2 protein chains.
Amino acid sequence: VSAPPSSERRYVVLAERLAAQIAEGVYNPGDRMPSVRELATRLGVSASTVKEAYGLLLDRRVVESRPQAGYFVRRPAKLPAPPPMSAPPVRPIAVSTGDIAMAVVHASAEPGVVAFGSAVPCDDFDGTRRVHELLAQKAREWGARGGAYQAPPGYLPLREQLARRALDAGCALGPDEIVVTSGCQEALVLCLRAVAAAGDTVAVESPTYYGTLHAIRALGLRALEIPTHPETGISLEALEMALDEWPVKACVLTPNAMNPLGAVMPDERKATLVELLARHDVPLVEDDIYGDLTYAPSRPKAVKAWDADGRVLLCSSVSKTIAPGLRIGWAAPGRYLAEVKHLKLVTSMATATLPQVAVAAFLANGYERHLRTARGAYRQRRDQLLELVAEHFPPATRVTRPAGGFVAWLELPRQQDSVELYRAALDAGVSVAPGPLFSARERYRNFIRLNYAQAWNGRTLAALATLGRLVRERSV
Amino acid sequence: VSAPPSSERRYVVLAERLAAQIAEGVYNPGDRMPSVRELATRLGVSASTVKEAYGLLLDRRVVESRPQAGYFVRRPAKLPAPPPMSAPPVRPIAVSTGDIAMAVVHASAEPGVVAFGSAVPCDDFDGTRRVHELLAQKAREWGARGGAYQAPPGYLPLREQLARRALDAGCALGPDEIVVTSGCQEALVLCLRAVAAAGDTVAVESPTYYGTLHAIRALGLRALEIPTHPETGISLEALEMALDEWPVKACVLTPNAMNPLGAVMPDERKATLVELLARHDVPLVEDDIYGDLTYAPSRPKAVKAWDADGRVLLCSSVSKTIAPGLRIGWAAPGRYLAEVKHLKLVTSMATATLPQVAVAAFLANGYERHLRTARGAYRQRRDQLLELVAEHFPPATRVTRPAGGFVAWLELPRQQDSVELYRAALDAGVSVAPGPLFSARERYRNFIRLNYAQAWNGRTLAALATLGRLVRERSV
């Protein structure tokens with residue numbers, strides 16, 4: 001990366017220094033900050049540099065400006081508490097979640113709508129542009145050759161890159177243990193089909209990603225919803241009781257930055273989970289789609305890292321990290337490899353060739369840097385979301401503190417109906433994902449999931465304020 | 001299209017004139033043709049123009065050259081007869097077709113192998129190159145926007161083009177009646193899932209495309225194989241008896257240029273088929289993947305053209321017409337539209353965005369011309385294949401006369417084992433698709449399917465001669 005022009009760098013450095021001083025208590029909440037002129041003189045920089053630095057701190061909600069008075073250190077908002085442990089029904093049930101998911105997906109793609117309802121990533125990173133430049137370049141280079149199938153398991157250089165990256169998740173995988181799929185959804189469905197058949201019971205987190213619930217329903221399976229903690233994910237105690245009591249054929253879990261909670265299961269619980277599954281001889285379909293997007297300095301391991309006997313079927317994609325429209329996902333299905341490879345062939349034959357080639361090239365060069373940018377941005381946008389919810393929503397609102405990804409789970413006051421809220425918000429040009437989507441039997445009626453992937457700007461700030469107003473109006 | 005340079009045009013015109021004279025009997029089989037010098041003088045053209053014209057007639061196998069003697073009209077080879085009507089088992093059975101399909105797909109992709117075994121199109125047409133130029137261009141133009149989902153039913157301009165083209169197949173469809181899929185295989189699987197559930201019986205042609213049989217097996221369905229005629233396709237009489245006798249939940253048929261026979265069901269039989277299905281209240285999953293590649297001057301109608309009550313689920317793709325690696329297919333599922341759209345969402349979420357954009361642009365401009373080229377080339381290559389089989393294979397060999405597409409079905413002498421032949425041929429660098437792939441219970445042991453999409457050149461001619469030799473060695 002080339003260094004930014006020195007004038008740009010200077011105001012960023014200054015903003016960071018001021019932010020650090022505030023964090024260290026040099027300036028305290030409510031304190032007036034030095035004036036522009038004062039700082040410019042003291043530091044020997046131009047007034048415009050200081051103004052730009054304060055502008056950045058305003059954007060980051062570190063300071064606030066009071067007309068005619070200057071800049072002041074913001075008082076930290078009293079952040080909303082996270083929701084408590086979930087308490088889903090304690091028996092396997094057919095999934096009744098209905099057609100609203102499709103409506104949410106479509107509403108989120110409407111050009112006039114601010115899409116808090118979908119779980120699509122920000123598309124305004126250099127990396128997203130870069131991968132499409134690579135796609136154009138590879139399409140030119142490959143020409144008609146790009147029209148040939150890459151039959152299962154898929155394009156070898158892509159699988160080689162994925163195998164290399166799996167090490168970061170603690171998994172020693174060879175390229176031949178990986179099957180390329182058309183996104184993570186196809187990976188989940190193929191793996192589910194490999195381990196369970198119509199009528200079987202599958203244990204899931206509650207709340208959980210509606211795509212998983214829909215796949216379970218479409219395959220004629222029954223869902224057994226297990227309680228989750230908003231920070232550590234699925235309750236292993238509840239899971240163990242469920243495995244003792246019910247004929248659970250498989251688990252489908254998202255241990256890293258699960259959707260919608262953003263919870264990351266601690267490593268020692270992952271090890272315990274694998275022991276538990278081995279004791280009950282139950283396979284795990286592990287959805288690791290957000291694994292590369294957690295905020296902690298080192299990437300959390302996948303549960304598959306502890307998998308000694310091939311019972312963990314790891315699934316992921318680049319839909320959250322790079323772009324969903326590429327439709328590049330994969331599975332590392334352990335002992336079910338041959339079955340998943342065969343199911344891929346008979347279900348969709350192959351995954352589009354050139355997107356595989358472009359993603360392989362980006363993983364080899366550019367992906368790591370892109371991830372650093374994306375993780376930093378999402379973390380900052382999460383912090384802002386928490387403050388914005390405190391500012392605009394009723395005081396009884398609770399919200400998770402996602403440890404990765406870019407969705408948060410809000411518990412609204414009890415009388416709220418999130419499906420009605422969804423409709424009212426859509427009329428106002430804002431989409432949300434209503435809570436019942438995330439449960440097999442349409443629970444979580446007073447919950448919503450919000451996407452905070454996009455930058456907080458005039459448009460998104462106004463949309464969140466609108467949403468808060470709608471909730472407040474419905475709380476009186 | 002700009003006119004070719006006049007010198008090029010002149011030898012093509014001359015070759016066509018000579019070919020017409022041969023067809024009209026001015027020159028008869030075995031006759032010596034006028035010498036180069038004689039013709040050049042008589043017509044007032046250069047000797048090289050005449051030589052080039054004879055070269056073209058040699059390529060087309062219209063004349064042959066005898067050293068020191070000149071050009072002679074070829075005696076038409078006695079072409080092999082087509083195989084008789086098929087006689088599959090007369091009860092529904094679980095599909096046992098095994099793992100060899102994956103091996104065939106992979107073997108056909110090996111760089112050193114002449115791939116007669118796969119059903120991939122020729123990749124050496126201008127149109128195939130053009131669509132990849134469009135992909136590069138659209139990736140550049142769209143940039144990061146190309147990374148967004150095109151949620152089901154898919155990219156609207158593509159569905160608009162598909163709706164427009166459906167008119168050629170006799171179907172009045174709106175864009176909103178079409179769902180974009182990841183290739184025809186996904187379309188078939190989603191439509192099958194919409195109309196049948198595990199344990200149900202599905203009627204299919206015999207022989208039939210192994211991808212259909214694998215999908216049936218993977219979904220836990222039972223296949224009821226119906227006899228076919230090598231020129232007119234499925235026997236409606238046999239189908240009617242089967243519908244009377246068995247609880248058939250759906251049919252999956254390929255009425256246009258079916259794979260592997262190349263048969264096209266005549267229009268009046270299509271109308272009768274729809275009446276028959278209505279009488280028994282059975283839906284039809286119609287695989288029309290070869291519909292645009294039939295050789296007759298006007299494209300045959302789809303069965304869906306007669307569908308008055310939405311019971312026909314039309315499936316197709318660009319995998320045979322443009323390139324399989326794009327993974328662009330679609331379904332027009334009639335009354336099952338909502339279910340197929342939902343199944344697409346929960347099975348693979350969406351189809352890759354930029355391939356949809358590129359195919360939409362190519363359908364709007366370039367596809368028609370490309371089709372004319374491809375149909376002409378495939379028809380000519382079929383004619384050559386028939387002669388080559390007569391020349392290289394044992395006299396008892398029978399072969400279909402495909403009316404479209406680019407695969408032919410060969411019945412070898414009874415003692416031949418096509419799976420053994422497949423292995424021996426692969427050792428010699430040639431892949432074939434053994435007959436048992438095309439039956440639910442591995443019948444057609446002495447049949448093979450051959451792909452004739454590639455141009456006949458030194459390499460492919462030698463490969464076919466090798467194959468003929470291997471069959472002859474096994475026939476003694």
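The values are calculated or read from the model by the stated rules, or taken from the named source; none is laboratory data. These figures come from a predicted structure and were not determined experimentally. Counting neighbours? That spans all protein chains shown, and the Cβs are built from the backbone with ideal geometry, glycine included.
Quick check on this structure: which one of A:Gly117, A:Gly154 is more than 30 Å from A:Asp309 (Cα to Cα), crowded, with 22+ Cβ neighbours inside 10 Å and not basic (Lys, Arg)?
Result: A:Gly117 is the single residue among A:Gly117, A:Gly154 that is more than 30 Å from A:Asp309 (Cα to Cα), crowded, with 22+ Cβ neighbours inside 10 Å and not basic (Lys, Arg).
Among the residues of the range A:420-476 satisfying the criterion of being part of a loop (DSSP other than H, G, I, E, B) and of a type in the set (S, T, N, Q), which is nearest to A:Thr321 (Cα to Cα)?
The extreme case among them is A:Gln454.
If you take the residues of the range B:157-202 that are of a type in the set (S, T, N, Q) and surrounded by fewer than 24 Cβ atoms within 10 Å (Cβ to Cβ), which of them is farthest from the other protein chains (Cβ to nearest Cβ)?
B:Gln161
Is there any pair with a first residue in the range A:35-46 that is in contact (Cβ under 8 Å) with a residue 12 or more places away in the chain and a second that is not in a helix (DSSP H, G or I) whose Cβ atoms are under 6 Å apart and which are 6 or more apart or on different chains, and what are they?
The qualifying pairs are A:Ser35/A:Gly70.
Would you check if there is a residue in the range A:223-231 being within 13 Å of A:Thr201 (Cβ to Cβ), out of contact with any Ser or Thr (no Cβ under 7 Å at 6 or more places or on another chain) and part of a helix (DSSP H, G or I)?
No; the residues of the range A:223-231 include none that is within 13 Å of A:Thr201 (Cβ to Cβ), out of contact with any Ser or Thr (no Cβ under 7 Å at 6 or more places or on another chain) and part of a helix (DSSP H, G or I).
Can you name every residue in the range A:11-31 that is of a type in the set (Val, Ile, Thr) and in contact (Cβ under 8 Å) with a residue 12 or more places away in the chain?
Within the range A:11-31, A:Val12, A:Ile22 qualify.
Is the range A:126-142 home to any residue that is crowded, with 18+ Cβ neighbours inside 10 Å and assigned to a loop (DSSP other than H, G, I, E, B)?
No, that holds for no residue.
So if I check each of A:Val113, A:Val104, which one is modelled with pLDDT under 90, under 30 Å from A:Leu410 (Cβ atoms), touching a strand residue (DSSP E or B) at 6+ places or on another chain (Cβ under 6 Å) and within 14 Å of chain B (Cβ to nearest Cβ)?
Result: A:Val104 is the single residue among A:Val113, A:Val104 that is modelled with pLDDT under 90, under 30 Å from A:Leu410 (Cβ atoms), touching a strand residue (DSSP E or B) at 6+ places or on another chain (Cβ under 6 Å) and within 14 Å of chain B (Cβ to nearest Cβ).
For the range A:255-289, give me each residue that is of a type in the set (S, T, N, Q) and under 19 Å from A:Tyr336 (Cα atoms).
none
Take A:Ala360 and decide whether it is among the aliphatic types (A, V, I, L, M), within 30 Å of B:Ala136 (Cα to Cα) and crowded, with 18+ Cβ neighbours inside 10 Å.
In short, yes.
Out of all the residues in the range B:323-380, which are under 21 Å from B:Ala453 (Cα atoms) and either outside any helix (DSSP H, G or I) or facing chain A (nearest Cβ under 10 Å) (or both)?
Result: B:Ala323, B:Pro324, B:Gly325, B:Leu326, B:Arg327, B:Ile328, B:Gly329, B:Gly366.
Could you grab me the full set of residues in the range B:457-467 that are surrounded by fewer than 18 Cβ atoms within 10 Å (Cβ to Cβ) and closer than 15 Å to B:Ala390 by Cβ?
Those that are surrounded by fewer than 18 Cβ atoms within 10 Å (Cβ to Cβ) and closer than 15 Å to B:Ala390 by Cβ: B:Leu461, B:Ala465.
So which residues in the range B:263-314 are in a helix (DSSP H, G or I) and hydrophobic (A, V, I, L, M, F, W, C), if there are any at all?
B:Ala271, B:Leu273, B:Val274, B:Leu276, B:Leu277, B:Ala278, B:Leu293, B:Val303, B:Ala305, B:Trp306 - these are the residues of the range B:263-314 that are in a helix (DSSP H, G or I) and hydrophobic (A, V, I, L, M, F, W, C).
Does the range B:235-247 contain any residue that is closer than 18 Å to B:Glu442 by Cα and crowded, with 22+ Cβ neighbours inside 10 Å?
no
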